[in-house]
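**Student:** Mind looking over this structure? Questions follow.
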Amino acid sequence: MRTAVLATLLAVFTALLPATAAAANPTITTPPAGSHGFPFLAAAEDLGSFGYTESEFFISGTATAYAKSGLWTSSGRWDVRPTTQAEYRTRLLVRRPSDPARFNGTVVVESDCADTPTHA
């Protein structure tokens with residue numbers, strides 16, 4: 001079930017990429033059980049009482065940086081060229097209905113960037 005949810009989310013994100021973008025397949029793992037028994041920034045509420053569940057995943061791979069190529073105009077459609085690559089690892093916290101039939105297709109993405117107070 002967790003794999004199906006993650007595959008759906010990756011399909012949604014992939015659909016948002018330009019058709020010409022080629023992306024390497026990331027590695028998706030679940031973190032080892034921690035000593036406190038819940039993910040960092042887990043919901044404080046009992047999600048189960050609302051019919052939801054929470055799962056944590058690590059996503060890692062190789063990211064490509066791109067640079068400007070040619071003249072960029074105000075059209076917003078710009079050419080780029082690959083420059084460098086770097087390894088990455090990020091975390092995905094998924095909150096979803098426990099019953100897949102209750103999923104209505106809406107996905108909300110919240111960014112927890114390194115410049116937020118939680119990383120201070």
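Rule-based calculations on the coordinates, nothing more; no lab input. Since this is a predicted model, take the numbers as computed values, not measurements. Note: ideal-geometry Cβ built from the backbone for every residue, glycine included; neighbour counts use all protein chains shown.
**Student:** GluC sites (Glu not before Pro), restricted to region 45-99: which are DSSP loop and have at most 16 other Cβ atoms within 10 Å? Please list the in-between numbers first.
**Tutor:** Working: sites: Glu45, Glu54, Glu56, Glu87; in loops: Glu45.
When the GluC sites (Glu not before Pro) of region 45-99 are filtered for loop state and at most 16 Cβ neighbours within 10 Å, Glu45 remain.
**Student:** I want the local charge near Leu93. Using Cβ-Cβ distances under 10 Å, sum +1 for each Lys or Arg and -1 for each Asp or Glu among the other residues.
**Tutor:** Numbers: positive: Arg91, Arg95; negative: Glu54, Glu56, Glu110, Asp112.
Surrounding charge for Leu93 is -2.
**Student:** Report the net charge of residues surrounding Ser60, where surrounding means a beta-carbon distance below 13 angstrom and charges are Lys +1, Arg +1, Asp -1, Glu -1. Mind dumping the intermediate values first?
**Tutor:** Numbers: positive: Arg89, Arg91; negative: Glu87.
Residues near Ser60 contribute +1 overall.
**Student:** May I ask you to evaluate 6.51 cos²θ - 1.76 cosθ + 1.60, the Karplus curve with θ = phi - 60°, for each residue of region 74-84 and list the ³J(HN,Hα) values in order in whole Hz, giving x for glycine and proline?
**Tutor:** 7, 5, x, 10, 10, 8, 9, 9, x, 10, 10
**Student:** Report, by chain and number, residues whose modeled amide H sits under 5 Å from the one on Arg91, excluding near sequence neighbours (fewer than 5 apart, same chain).
**Tutor:** Excluding prolines and chain starts, which carry no amide H, the hits are Ile59.
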